[in-house]
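Asker: Have a look at the structure that comes next, please.
Nothing in this text is a laboratory measurement; each read-out follows from the coordinates by a stated rule. Note that the structure is a prediction, hence the values are computed from the model and not measured. Don't worry about glycine lacking a Cβ; one is built from the backbone with ideal geometry, like all the others, and counts go over all protein chains shown.
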Amino acid sequence: MLQITDRITIEDWELVEQFIRAGGPGGQNVNKVSSAVELRFEAERSPNLPEPVKRRLKRLAGRRWTKDGAIVLQVSDERSQTRNREIARDRLAELIRAATVVPKRRVPTKVSLNQKRKRVEAKKKRGEVKALRGKVD
């Protein structure tokens, strides 16, 4: 069981882990041992996630979100299979935690008339300075 918040927990049956061979340095170990982990979480079908969290999670996951509504995380940071597994679970938990945060609603504001006036005056002054740089008769 993966504890996300005090209200959201992900059950072990919702997570599918597949161990694959990692690339990169590591000598013979890389060629022999499947130390990288591919963690798959069926977020769209999860009964433990509220609908608004699922929507935000889809946006946050980006290309890690598959067409069938799953999040796929690949981790091959460490040489140890168990450490990669822990890292993958931590990343998933952090992603879901980020999705639980409700974004603050943006309040549209307008530029004040005084600021617009100051901007135009500054542009005019700058234009006058540049106009004085012409050829001398």
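Asker: With the chain treated as a Gaussian network of Cα nodes joined by springs under 10 Å, which of Pro52, Pro25, Pro103 yields the largest mean-square fluctuation?
Answerer: The residue with the greatest mean-square fluctuation here is Pro25.
Asker: For a quick check: with amide H placed at 1.01 Å from N, whose amide H comes under 5 Å from Leu15's, ignoring anything fewer than 5 positions away on the same chain?
Answerer: none
Asker: Using θ = phi - 60° and the Karplus form 6.51 cos²θ - 1.76 cosθ + 1.60, what ³J(HN,Hα) does each residue of region 65-73 get, whole Hz, x for Gly and Pro?
Answerer: 8, 8, 5, 8, x, 10, 9, 10, 10
Asker: If the cut-off is 17 Å between C-alpha atoms, which aspartates and glutamates fall inside it for Lys118, apart from same-chain ones fewer than 8 positions away?
Answerer: Here the aspartates and glutamates satisfying the reach criterion relative to Lys118 are Glu128.
Asker: Determine the dipole magnitude for region 46-137: charges of +1 sit on the beta-carbon of Lys and Arg, -1 on that of Asp and Glu, nothing else is charged, the reference point is the Cα centre, and the result goes in debye to the nearest 20.
Answerer: Values: 29 positive and 10 negative charges, 188 e Å.
Computed charge dipole of region 46-137: roughly 900 debye.
Asker: Whole-Hz ³J(HN,Hα) for each residue in region 95-111, computed from phi via Karplus 6.51 cos²θ - 1.76 cosθ + 1.60 with θ = phi - 60°, x for glycine and proline: what do you get?
Answerer: Karplus-based 3J(HN,Hα) across region 95-111 equals 5, 5, 4, 5, 6, 6, 6, 7, x, 6, 6, 7, 9, x, 10, 10, 6 Hz.
Asker: Then there's this: Using the crude model of +1 on Lys and Arg Cβ and -1 on Asp and Glu Cβ, and no other charge, please compute the dipole size for region 2-100 relative to its Cα centre, in debye to 20.
Answerer: On the way: 19 positive and 15 negative charges, 84 e Å.
Computed about the Cα centre, the dipole is about 400 debye.
Asker: Okay, next question. Please name which of Trp65, Ser80, Ser35 has its Cα lying farthest along the dipole of region 25-137 towards the positive end, using unit charges on Cβ (Lys, Arg +1; Asp, Glu -1) and the Cα centre as origin.
Answerer: Ranked along the dipole, the leading option is Trp65.
Asker: Which whole-Hz ³J(HN,Hα) couplings does region 115-127 yield from phi under the Karplus relation 6.51 cos²θ - 1.76 cosθ + 1.60, θ = phi - 60°, glycine and proline marked x?
Answerer: For region 115-127, the Karplus-derived couplings read 5, 4, 4, 4, 5, 5, 4, 5, 5, 5, 4, 5, x Hz, x marking Gly and Pro.
Asker: Right, next: Filter the GluC sites (Glu not before Pro) in region 2-95 down to the DSSP loop ones having no more than 11 other Cβ atoms within 10 Å, then list what survives.
Answerer: Details: sites: Glu11, Glu14, Glu17, Glu38, Glu42, Glu44, Glu78, Glu86, Glu94; in loops: Glu11, Glu42, Glu44, Glu78.
Those that pass, being in a loop and sparsely packed, are Glu11.
Asker: Could I ask something else about it? Select from region 82-122 those trypsin sites (Lys or Arg not before Pro) which occupy a DSSP coil region and have at most 15 other Cβ atoms within 10 Å, ordered by residue number. Please list the in-between numbers first.
Answerer: Details: sites: Arg83, Arg85, Arg89, Arg91, Arg97, Lys104, Arg105, Arg106, Lys110, Lys116, Arg117, Lys118, Arg119; in loops: Lys104, Arg105, Arg106, Lys110.
Filter output for region 82-122: Lys104, Arg105, Arg106, Lys110.
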